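Participant: Sharing a structure, written as structure tokens. Questions coming.
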Amino acid sequence: MCGIVGATSERRISEILVEGLKRLEYRGYDSAGLAVLSESGSIECVRRTGKVQALKDAIGDTPLAGTTGIAHTRWATHGGVTEANAHPHISENCIAVVHNGIIENHEKLRAQLQALGYVFNSDTDTEVICHLVHHQRKTESDLFKAVQAAVRQLEGAYGTVVMDCREPGRLVVARSGSPLVIGLGIGENFIASDQLALLPVTRQFMYLEEGDMADITRTSVKVYDRSGALVQRDVHESDGQYDAGGKGQYRHFMLKEIHEQPTAVRNALEGRLVHGQVADDAFGPGSMDLLKDIEHVQIVACGTSYHAGMVARYWLESMAGVSCNVEIASEFRYRKSHVHRNSLLVTISQSGETADTLAALRLSKELSYRGSLTICNVATSSMVRESDLNYMTRAGAEIGVASTKAFTTQLVGLLMLVLAIGQHRGISDKCRNAIVSGLQALPAKLEEALLLSDEIEALAPEFADKFHSLFLGRGTQYPIAMEGALKLKEISYIHAEAYAAGELKHGPLALIDADMPVIVVAPNDELLEKLKSNVEEVRARGGIMYVFADKDAHFKSDTSMRVINVSHCDELIAPIVYTIPLQLLSYFVAIIKGTDVDQPRNLAKSVTVE
Ligand code: F6R
């Protein structure tokens with residue numbers, strides 16, 4: 001999704017801005033631009049569609065002369081992918097603006113500004129901001145107050161940074177619904193939508209809260225809250241854990257992140273299981289006081305994180321003795337739902353910034369939930385800061401747009417939640433021991449699953465000419481089939497759908513033919529025989545299957561079925577283990593298809609607009 005970087009310094013900052021944008025590339029974008037302001041008050045602006053490299057090439061080897069500047073990667077929402085729609089937008093050669101989010105009342109504001117004589121050069125909602133600030137500046141001599149007056153007229157979500165040609169060395173920023181972080185330097189200060197962008201220049205960060213505005217110069221940072229009062233925001237030292245590093249020996253971040261999963265899972269568990277019990281502070285200080293009262297769990301999430309929630313429903317209801325609902329955040333937030341007694345609202349999110357999930361969390365505060373918990377990978381995210389409890393997945397920076405290690409570590413966090421709630425609701429020793437030993441065995445089991453890489457790479461060419469595919473699973477493997485289908489469609493662009501295998505005969509069976517591969521997830525669990533019947537239904541209709549199966553499930557490769565044996569693991573952790581071969585399958589098929597694996601078309605990493 002869109003990314004923002006800004007800087008004010010004594011040195012030329014165009015290289016810092018471009019490096020910052022490069023670090024935000026993983027979020028997904030379609031054009032990039034920057035504007036720098038020189039000491040003499042002239043603004044130089046360069047924008048390009050496509051990659052940040054195109055912007056870098058356009059700037060050339062000599063840094064631009066400006067010492068204050070703003071830069072942006074755009075993920076189109078209003079207006080197509082064109083240079084004119086790329087940010088920064090500039091009003092009357094003087095007010096330059098970058099913006100993340102969506103201004104919902106932009107049409108009305110555009111009409112008002114046009115009536116005042118402003119000429120629009122783009123189709124974006126953002127351009128209203130720079131003209132509005134310009135208009136306010138006609139009567140307001142202070143830039144900060146002019147921006148304040150302008151943003152008061154905005155409806156929707158924004159993280160925005162404003163630069164004025166009359167004030168070299170000054171940036172004014174405003175946050176409402178779209179995250180911004182200030183980076184503190186010595187004789188220079190920075191702003192970005194993600195601290196990752198600024199790690200080469202500072203480790204000191206100040207997170208803006210909802211409704212905050214900030215006035216940033218080289219030597220000072222002043223933050224004002226929603227009411228306009230001057231406030232102190234804490235300064236956090238980054239431990240650099242979220243520094244993406246490079247791809248190492250891997251061709252893509254996604255492949256690196258798939259292979260990091262055994263380590264990520266070890267980290268997610270480190271110090272949290274003590275003598276077979278969940279450590280008291282695993283979900284944050286005092287968490288057990290809240291968890292002991294919980295009788296119902298409402299999970300809300302999007303995409304891959306939603307699939308993790310779906311797996312958790314099977315686990316929570318069968319082992320922890322609580323009822324559980326799971327819902328897509330964009331639906332949950334706009335409907336009236338019944339809140340059960342002593343209900344815990346659980347948000348699951350890699351980024352902790354997904355707009356719909358965050359809105360659901362905020363909505364829950366107005367309802368009678370007993371409390372909220374977020375399972376998240378980014379410690380500094382809005383969801384972590386706004387939830388009562390949290391479980392940090394500690395997967396490390398996930399740069400590939402397609403979520404991999406975040407998902408498997410979310411499942412670890414959810415199994416820990418089953419233990420933590422179950423502890424107070426009489427979880428059986430059998431279940432507790434199975435969870436504990438399953439989690440302890442998990443890293444080694446994931447390592448074994450990764451050994452399937454060559455075999456899966458070898459079969460990927462069989463998907464090269466396919467346009468559609470079907471994924472089947474039962475029980476906890478149904479959401480895993482959904483996740484497998486999502487991975488395949490998002491990075492290989494092959495249409496993929498998942499069905500609970502028992503649903504096949506209620507419609508999708510009509511699709512089966514030799515051109516539509518059917519991927520079956522078949523661990524040796526109690527639903528195996530049922531699944532085998534569904535496999536026969538596909539075979540009888542001439543379908544071609546790829547079955548990821550436990551050796552003891554006794555599937556045999558033949559003309560209609562290719563069996564990929566996954567080494568045996570406990571049924572409980574099978575959803576996590578079987579995720580690995582499906583991730584590898586989508587990766588290698590995408591390689592054959594020649595897609596942009598780490599930044600698939602049209603997608604963004606952190607979806608901060610609804
Ligand atoms: C798919 C994927 C997305 C995200 C979804 C939610 O690979 O990554 O479906 O899972 O956008 O994002 P988070 O987890 O950051 O809330």
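The values are calculated or read from the model by the stated rules, or taken from the named source; none is laboratory data. Only a predicted model underlies this, so the values are computations on that prediction, with no experimental measurement involved. All Cβ positions, glycine included, derive from the backbone under ideal geometry; neighbour counts span all protein chains shown. Only protein heavy atoms, including side chains, enter the accessible area calculation; ligands, DNA and RNA are left aside. Shrake-Rupley method; radii C 1.70, N 1.55, O 1.52, S 1.80 Å.
Participant: Give me the percent of the accessible area of the chain that comes from carbon and sulfur atoms, probe 1.4 Å, all protein chains in place.
Facilitator: Heavy-atom surface of the chain belonging to carbon and sulfur, 1.4 Å probe: 47 percent.
Participant: Next question. Give me the extension gain from ALA441 to ASP552: residue separation times 0.36 nm, minus the current Cα-Cα distance, reported in nm with one decimal.
Facilitator: 38.1 nm
Participant: What shape does region 347-433 have by the C-alpha gyration tensor, where a ≥ b ≥ c are the square roots of the eigenvalues, rounded means a/c under 1.5, and otherwise prolate means a/b greater than b/c and oblate the rest?
Facilitator: It is oblate, given that a/c is not under 1.5 and a/b is not larger than b/c.
Participant: Can you tell me the order of 67-74, 424-431, 148-155 when each peptide is scored by its average per-residue count of other Cβ atoms within 10 angstrom, highest first?
Facilitator: Highest to lowest by the protection proxy: 67-74, 148-155, 424-431.
Participant: Please list, in chain and number order, the residues 5+ apart from VAL520 or on another chain whose amide H is under 5 Å from its amide H, with Hs placed from the backbone.
Facilitator: Residues meeting the criterion, in which the H sits 1.01 Å from N, are LEU472, TYR546, VAL547, PHE548.
Participant: How many Å³ per residue does the convex hull of the Cα positions in the chain occupy?
Facilitator: 153 Å³
Participant: Now for a different question. Counting DSSP beta bridges in region 245-375, what percent are antiparallel, to the nearest 5?
Facilitator: Taking every DSSP beta bridge with both residues in region 245-375, the antiparallel ones total about 10 percent.
Participant: Under the Karplus relation 6.51 cos²θ - 1.76 cosθ + 1.60, θ = phi - 60°, what is the ordered set of whole-Hz ³J(HN,Hα) values for region 340-353, x standing for Gly and Pro?
Facilitator: Taking θ as phi minus 60°, the curve returns 6, 4, 6, 9, 9, 8, 10, 9, 10, 7, 4, 7, x, 10 Hz for region 340-353.
Participant: Suppose all protein chains stay in the model; what accessible area per residue would a 1.4 Å probe give for region 171-229, in Å²?
Facilitator: Heavy-atom SASA per residue in region 171-229 reads 30 Å².
Participant: Pop the C-beta distance of GLU83 and ASP454 into the FRET formula with R0 = 60 Å and round what comes out to the nearest 0.05.
Facilitator: Between GLU83 and ASP454 the formula returns 0.85.
Participant: Something else now. Once the dipole of the chain is set up with Lys and Arg at +1 and Asp and Glu at -1 on Cβ about the Cα centre, which of ALA84, VAL566, THR476 lies farthest towards its positive end?
Facilitator: Sorting the options by dipole projection puts first ALA84.
Participant: Which whole-Hz ³J(HN,Hα) couplings does region 153-168 yield from phi under the Karplus relation 6.51 cos²θ - 1.76 cosθ + 1.60, θ = phi - 60°, glycine and proline marked x?
Facilitator: 8, 8, 10, x, 10, 8, x, 9, 10, 10, 10, 10, 4, 7, 9, x
Participant: Distance between Cα centroids, region 151-218 to region 376-411: provide it in whole Å.
Facilitator: 23 Å
Participant: If you count the DSSP beta bridges with both ends in the chain, what percent of them are antiparallel, to the nearest 5?
Facilitator: Close to 60 percent.
Participant: What whole-number distance in Å separates the alpha-carbon centres of region 56-85 and region 314-354?
Facilitator: If you average the Cα positions of each part, the centres end up 40 Å apart.
Participant: Charges on Cβ only, +1 for Lys and Arg, -1 for Asp and Glu, centred on the Cα centroid of the chain; of SER31, HIS252, VAL311, which one is farthest towards the dipole's positive end?
Facilitator: SER31
Participant: Using square roots of five times the C-alpha gyration tensor eigenvalues, list the equivalent-ellipsoid semi-axes of region 178-268 in whole Å, biggest first.
Facilitator: 33, 15, 11
Participant: Also: If you plug each phi of region 418-427 into the Karplus form 6.51 cos²θ - 1.76 cosθ + 1.60 with θ = phi - 60°, what whole-Hz ³J(HN,Hα) values come out, in order, with x for Gly and Pro?
Facilitator: Calculated HN-Hα couplings, in order: 4, 4, 5, 6, x, 3, 8, 10, x, 4 Hz.
Participant: Per the chain: cysteines with no other Cys C-beta under 4.7 angstrom?
Facilitator: Unpaired cysteines in the chain: CYS2, CYS45, CYS130, CYS302, CYS324, CYS376, CYS431, CYS569.
Participant: Per residue, what accessible area does region 447-549 have, given a 1.4 Å probe and all protein chains present, in Å²?
Facilitator: 39 Å²
Participant: Can I ask one more? In Å, what Rg and Dmax follow from the Cα atoms of region 493-545?
Facilitator: Values for region 493-545 (Cα only, Rg and Dmax): 11.0, 33 Å.
Participant: List the relative contact order of the chain as a percent without decimals, with contacts defined as Cα pairs under 8 Å and 6+ residues apart.
Facilitator: Computed over the chain, the figure is 12 percent.
Participant: Any idea of the accessible area per residue across region 284-389, 1.4 Å probe, to the nearest Å²?
Facilitator: 36 Å²
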